[in-house]
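Asker: To start, I am sharing the structure in question, which I have written as structure tokens.
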Amino acid sequence: MHLIAMALCTGILAASCQPCPLVFERQRLGDVTYEAASVFDVNRDGHPDIVSGGVWFEGPAFTEEHKICDPMPVDGYYDDFSDNPMDVNGDGYLDIITGGFWGMKAMWRENPKGQPVEWTTHTMGKTGNIERNVFADLDGDGVDEVFATTAPVVFFRLVRDASGKGQGRFEKYTITRGGGGHGFGVGDINGDGRKDLVFATGWLEGPEDPFDTAAYVWHQEWRFGLASVPILIHDVNEDGLNDLIVGQAHGYGLAWYAQGKDGQGNRTWTQHECDSKRSQFHDLQLHDIDNDGRLELITGKRYHAHNGHDPGGNDPLGLYYYELNGGDFQRVTIDYGPPGQASGAGIYFWIADVDGNGWKDIVAPGKEGLYLFKNLGLRK
């Protein structure tokens with residue numbers, strides 16, 4: 001199904017709300033209800049493909065569906081909470097990194113070089129419950145490390161040869177001091193140029209060697225509850241200090257926390273409410289979705305994150321972007337309505353220009369279905 005939908009302007013400050021500039025074409029892909037998705041060229045034919053859980057859809061039409069595997073089903077979920085591409089074995093084909101809440105292990109699925117056969121799933125390591133994997137390049141070598149969002153903190157580093165090719169295995173690292181669990185992000189909190197690890201109850205200060213797990217220093221400076229994965233580290237008000245953007249993953253609320261300094265030079269954090277009327281902000285991303293040269297926050301509701309038992313769990317679904325405006329967030333609604341008529345954002349959604357028109361598109365998975373929102377650009 002293809003529907004043309006004009007994004008609706010529904011910002012916090014209704015009086016200053018302007019007509020929204022973008023038009024999206026919505027397409028439902030297959031009949032799958034996995035909660036994670038990504039975009040990459042699976043078969044190396046030059047066209048981006050869409051991966052979601054146990055299947056992939058061949059580009060550019062995304063109507064031909066191919067099986068990957070059968071992720072473990074558990075009570076309305078699938079044990080597949082990320083679908084991130086990485087060439088793990090160095091054969092030139094991108095594989096999939098994922099993780100399981102119930103399987104309690106990080107996994108990678110081996111791409112059979114684009115052939116129409118099932119993919120082999122390999123265990124990277126045991127981890128405990130994975131709420132969702134997070135990917136970040138700790139050492140600046142161009143290859144992401146894989147965080148399992150567990151407590152204690154576990155992450156994996158791809159083993160590569162002298163030429164940089166993956167060798168099909170990972171080194172496992174565990175940080176035993178502070179942090180872990182629901183709510184996680186990676187970024188530079190204190191401005192020293194190093195990657196810090198951010199959690200719902202505080203942050204781990206990154207050392208010079210990010211793989212020296214004993215050198216991380218714990219700072220307990222806030223409590224965010226069941227926070228989004230990721231927590232975003234970004235200078236919202238452009239004052240030179242990185243702030244935090246935090247969604248409530250299992251309740252109502254989206255907020256940003258301004259970093260400041262008190263009279264003694266100690267860090268302070270001031271909460272600013274962005275949106276108290278929406279719930280289940282589980283995945284957050286920053287992209288320039290409207291091509292204005294500035295980042296927007298793209299997010300949406302995760303449908304039945306706890307099978308409808310969360311506050312707001314049975315409210316209408318929504319997919320949104322927010323103009324940051326230096327901290328005066330304004331919501332733009334891309335899609336909104338009941339399941340079957342609208343889409344949320346799932347637990348791990350993806351943003352990429354799938355059709356090459358110069359405008360970033362949104363791939364939104366979830367228990368309500370898998371949707372592609374093609375960004376057609378500015379309305380005429």
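Asker: A 26 angstrom limit on the alpha carbon distance is what I want to check against. Which of 165/195; 105/374; 277/367; 67/195; 195/301; 360/380 exceed it?
Answerer: Too far apart for the 26 Å limit: 105/374; 67/195; 195/301.
Asker: Can you tell me the relative contact order of the chain? Whole percent, Cα pairs under 8 Å, sequence separation 6 or more.
Answerer: This gives 16 percent for the chain.
Asker: Work through the residues other than residue 60 whose Cβ is under 10 Å from its Cβ and net out their charges, Lys, Arg +1 and Asp, Glu -1.
Answerer: With Lys, Arg at +1 and Asp, Glu at -1, the net is -4.
Asker: Nearest 20 debye, what's the magnitude of the dipole of the stretch 208-350 about its Cα centre given +1 on Lys and Arg Cβ and -1 on Asp and Glu Cβ?
Answerer: Magnitude of the dipole: close to 620 debye.
Asker: In addition: Can you give the Kirkwood hydrodynamic radius for the chain, in Å, rounded to one decimal and based on Cα pairs? Each step should come with its number before you reach the end.
Answerer: Working: mean 1/r = 0.0474 Å⁻¹.
With all distinct Cα pairs of the chain included, I get 21.1 Å.
Asker: Charges at C-beta only: +1 for Lys and Arg, -1 for Asp and Glu. How large is the resulting dipole of the chain about its Cα centre, in Debye rounded to 20?
Answerer: Values: 31 positive and 56 negative charges, 147 e Å.
Once rounded to the nearest 20, the dipole reads 700 debye.
Asker: Moving to a separate point now. Net charge near residue 251, counting Lys/Arg +1 and Asp/Glu -1 over other residues with Cβ under 13 Å of its Cβ?
Answerer: Counting the neighbours of residue 251, the net charge comes to +1.
Asker: Report relative contact order for the stretch 162-278 in percent, whole number only (criteria: Cα-Cα under 8 Å, sequence separation at least 6).
Answerer: Numbers: 245 pairs, mean separation 20.7, N = 117.
RCO, the stretch 162-278: 18 percent.
Asker: Determine the sum of side-chain charges near residue 203: Lys and Arg each +1, Asp and Glu each -1, restricted to other residues whose C-beta is under 9 angstrom from that of residue 203.
Answerer: That works out to -3.
Asker: Any idea how far the Cα center of the stretch 180-211 sits from the one of the stretch 288-326, in Å?
Answerer: 24 Å
Laboratory data are not the source of any read-out in this text; all were calculated from the coordinates shown. Predicted model, so just to flag it, every value in this text is computed and none were measured. Here Cβ is always computed from backbone atoms with ideal geometry, including for glycine, and neighbour counts include all displayed protein chains.
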